[in-house]
Amino acid sequence: MILIHEKDDDGENQSNRQPPPPPEIPAEPELPASLPVPVVLTSTTTSESKRYSHIRRYVRRILRRCRRVILFVLCTMIIGYTLAVKVIPVLCTEYHRYQDDRAVYVPPGIAVDRCADWKSNPVNTEEFFVDMDALLFLAQGKLSIGEIVVRQSENTTWGDRVRVTVQARSTYPNFFEYVRVCQIRSRRVWLKDTGVGVFSVPWLPVDTGRFTVLVEIPVGAEDRLQLPSFRTDMPHFKHTFGNLSRVHFDKITVSTKARPINSEFLSFTEGTLRTSHAPIRGTYNASFDVSLTTSKSFIDVEMQLHRQEPTPSDTRLYRQLWTTSNLKASRGHIRATYDLRSSTPVAEHSRYSIQAETTLGEIDIDFADAPPKHVLCVHAATTFQRARVFLPPHFEGAFTMNSLYPFRTIEDNRESYGVDPLGRNRSRVLWHTYEGPFVRRGAIVRGRIDVIHGEIDLKSTLGSTAIVI
């Protein structure tokens, strides 16, 4: 057998192929003799950004901690307030109600003389006769709520004693088992305080009743009855003073809460009347100092400031003494009309100082009359509202108005009061100047004067001020 092998053309071609020539490498360019030095640009943005990011993280961490602390404090305050005001009193009331605690506590330093023996009637009345040297009236407890009325009486058969009539009303039959109405006196020997106290349990067992305390002061043939002191501390009692034109108190102190104070006419040397969430109204006559204070309500009064002739005991200090009036309120207006009087023959002794302060309320101070020659200082301050003063015709002194520029006004009515009160035919001169956008100063004088005694200072933070001459 003959084998014939055929030669493949592709194989021949592959055997006859030669490897391709290597690629030509381009020649390197000749370097110059001196190479330029490369400039390396160093950037600080990376390091600064790292530093700032570290500060931002630190600030954010502090803010987160502050927020946590603030939230913790707010939550603690809310929980504490809820427990102290809402939860604990209710629990205490329920506990006392369960125990039926009928213990009535008397304030320390007070002695009890005689108490009313009341039955379970809808209306009970009791009379007490107490000395009028130093009158004292107290109220304490959740059930001690009502009104105290003070008036003068023509009955002189009581001698030097005051008749106090206490009336209690309640529809609950066991109400009088939780209250005590007693004649009281001070345990301190050097004090002569005597009066009547209305005391009850410190919790609220039943629906509250109502007490009415009527104080009748006998007025004899004398023109004016002089009483040393009168003091009340009755938080939930409305105070009403009748026409006590023939009674004068050397010192009077009235304290209540959430109840108004009204007076038809009340005369005293030193007086302090204080309440809250209720107004103060009426007519008051003060010869040395008067202070009226309320909160979240208003004051609307007519005030007589009477400067008396000095006694031999205070003659040396009398030039430094003033008849003062302080009116303080919050979230309510103050309206006061003053009648300045003087019984001293020396003109320098007629000194009056008036201060009125409130927030979110207007202040209006007017003067019905004033001595021909006197020294008057008025300070009135409020916020967001108007402070206005009507000056008496005989006023001489400087004034300052603190408020924004467009809200300071002066109303000139000098033509209506052109007569000189001293008969010297002096003209009334007014001058004023601006001191920036917030202050305006000036003065009102008769003719030429070297010393200015009086002063009017009005301030309204975001409101207006006005002076009517």
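Within the stretch 449-462, the residues that satisfy the criterion of being at pLDDT 90 or above and either aliphatic (A, V, I, L, M) or assigned to a loop (DSSP other than H, G, I, E, B) (or both) are I456, L458.
Of all residue pairs spaced 6 or more apart or on separate chains, those with beta-carbon atoms under 6 Å, a first member in the stretch 162-178 that is in contact (Cβ under 8 Å) with a residue 40 or more places away in the chain and within 18 Å of A139 (Cβ to Cβ) and a second member that is open to solvent by 80 Å² or more (accessible area, probe 1.4 Å) and not in a loop (DSSP other than H, G, I, E, B) are T165/E127; R169/R210.
Within the stretch 203-230, count every residue that is assigned to a strand (DSSP E or B) and among the basic types (K, R).
Qualifying residue count, the stretch 203-230: 1.
Looking only at residues in the stretch 213-244 that are open to solvent by 50 Å² or more (accessible area, probe 1.4 Å) and touching an Asp or Glu at 6+ places or on another chain (Cβ under 9 Å), the one that is nearest to T294 (Cα to Cα) is K238.
A count restricted to the stretch 177-202 and to residues that are assigned to a loop (DSSP other than H, G, I, E, B), aliphatic (A, V, I, L, M) and either surrounded by 20 or more Cβ atoms within 10 Å (Cβ to Cβ) or touching a Gly at 6+ places or on another chain (Cβ under 8 Å) (or both) stands at 1. Can you name the residue in the stretch 324-365 that is within 17 Å of G454 (Cα to Cα) and open to solvent by less than 20 Å² (accessible area, probe 1.4 Å) and, of all such residues, is modelled with the lowest pLDDT? That would be S350. Collect the residues in the stretch 111-120 that are touching a residue at least 12 places away in the same chain (Cβ under 8 Å) and either of a type in the set (G, A, S) or open to solvent by 70 Å² or more (accessible area, probe 1.4 Å) (or both), keeping them in residue-number order. Hits for the stretch 111-120 are A111, D113, R114, A116, K119, S120.
Looking across the stretch 282-307, the residues that are under 18 Å from T337 (Cβ atoms), surrounded by 18 or more Cβ atoms within 10 Å (Cβ to Cβ) and charged (D, E, K, R) come down to E302, R307.
Of the residues making up the stretch 261-299, those that are within 13 Å of P235 (Cβ to Cβ) and not β-branched (V, I, T) are R274, S276, H277, A278.
Please verify whether the stretch 417-431 includes one or more residues that are modelled with pLDDT of 80 or more and not aliphatic (A, V, I, L, M). Yes, the stretch 417-431 contains a residue that is modelled with pLDDT of 80 or more and not aliphatic (A, V, I, L, M). Within the span defined as the stretch 99-121, one or more residues are assigned to a helix (DSSP H, G or I), modelled with pLDDT under 90 and more than 29 Å from the chain's Cα centre (by Cα). L135: surrounded by fewer than 17 Cβ atoms within 10 Å (Cβ to Cβ) and of a type in the set (A, V, I, L, M), yes or no? No, not satisfied.
The values are calculated or read from the model by the stated rules, or taken from the named source; none is laboratory data. No experiment lies behind these values; they were computed from the predicted model shown. Neighbour counts are summed over all protein chains in view; Cβ atoms, including those assigned to glycine, are modelled from backbone coordinates with ideal geometry. All accessible areas refer to the heavy atoms of the entire protein, side chains included, with ligands and DNA or RNA removed. Shrake-Rupley method; radii C 1.70, N 1.55, O 1.52, S 1.80 Å.
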